[in-house]
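As structure tokens, the structure follows; a few thoughts come after it.
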Amino acid sequence: MIVTLLGTGTSSGVPLIGCSCDVCRSLDYRDKRLRVSIHLAVNGHHFVVDTGPDFRQQMLREGISQLDAVIFTHQHKDHTAGLDDVRAFNFLQQRDMPVYGRAEVLEQIHREFEYVFAEHRYPGIPRLQLHEISNTPFEVKGVTFIPIDVLHHKLPVFGFRVNNFAYVTDVNHIAESEQHKLKGLDVLVLGALQRDQHISHYSLEQALGMVERLQPKMTYFTHVSHKMGKHGDVEKELPPTVRLGYDGLKLKL
């Protein structure tokens, strides 16, 4: 399995429009963060978790020409806004795109992309197959995804485990009843927004505390704000088994 971090930034991306802080002016490519998403290549199949506003740019940058399914963590715009661009894969693959999400996510897709489901549809729009998921394992193309139910303030969000890899973004609470799904991991990609506490995201300190609890072999932080600091500076403070993720990073498991 190869995991590619397509985007590792917060909802506004980094650099932030109009900001002149050291991070936003940084020339380090690791400080240029698109909206958060990952690509999974497993046994010849290809999956994307979340299609944010930068989805098209991420697909082009990584040269991705095959996509077997889209899987959503939750319904916030920085995770869904690029869904229209799956139509390119409709044309390439000559089939509808399977889309997986909890009921609330699929309901919002119906509202925000109403034209996709219209009785009389305009030619060339995306073709989607919606699949509702719950907090039970599901299979796509022979690959088992185990949802991890977490909270993003009061909003339920799914993380996902595939084999010994797990991805949990947009999180400020993981119940003990769900933490057992995150034990024995080779790699964990976990949301860590900034240094200060936040109402709906783990701070750096809180994320490190969760890593200490779960004890994965390696952890990469994602959904990183410009308030975290420069990539190179933050990494000097982290334990050897914890790194900041960055756009384009590939993890081979």
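Brief remarks follow.
- Candidate lysines for bridging to residue 154, where Cα separation is under 28 Å - those fewer than 8 sequence places away on the same chain excluded: 77, 181, 183, 227
- Calculated FRET value between residue 121 and residue 91, using beta carbons and R₀ = 22 Å, to 0.05: 0.90
- In the full protein context, region 1-93 carries 39 Å² of accessible surface per residue, based on a 1.4 Å probe and ignoring ligands, DNA and RNA.
- Distances between placed amide hydrogens fall under 5 Å for residue 128 paired with 97, all partners being 5 or more residues away or on another chain.
- For residue 148, residues with placed amide H under 5 Å, excluding near neighbours: 159, 160, 161
- Residue order by solvent-accessible surface for 29, 246 is 29, 246, largest first, with ligands and nucleic acids left out and a 1.4 Å probe.
- Exposure ranking of 181, 217, 250, 154 by accessible area [1.4 Å probe, largest first]: 154, 217, 250, 181
- Per-atom-type breakdown for region 1-65 gives carbon and sulfur 52% of the accessible area (1.4 Å probe, protein chains only).
- Whole-percent carbon and sulfur share, accessible surface of region 145-212, 1.4 Å: 49 percent
- Solvent-accessible surface (1.4 angstrom probe) belonging to residue 226, in square angstrom, nearest 10: 40 Å²
- Residue 22 accessible area, 1.4 Å probe, all protein chains in place, Å² to nearest 10: 90 Å²
- Solvent-accessible surface of protein heavy atoms, probed at 1.4 angstrom with all chains present, puts 122, 220, 115 in the order 122, 115, 220, largest first.
- With all protein chains kept in place, the per residue accessible area of region 157-200 amounts to 37 square angstrom at a probe of 1.4 angstrom.
- Calculated [θ] (222 nm, deg cm²/dmol) that DSSP helices of n ≥ 4 give over the chain, each run adding -39,500 (n - 2.57): -5000 deg cm²/dmol
The values are calculated or read from the model by the stated rules, or taken from the named source; none is laboratory data. The shown structure was predicted, so the numbers you read here are calculated from the model rather than taken from an experiment. Methodologically, a virtual Cβ is constructed for each residue, glycine included, from the backbone with ideal geometry; neighbour enumeration extends over all protein chains shown. Quick note on the areas: whole protein, heavy atoms, side chains included, nothing else; ligands and nucleic acids left out. Shrake-Rupley method; radii C 1.70, N 1.55, O 1.52, S 1.80 Å.
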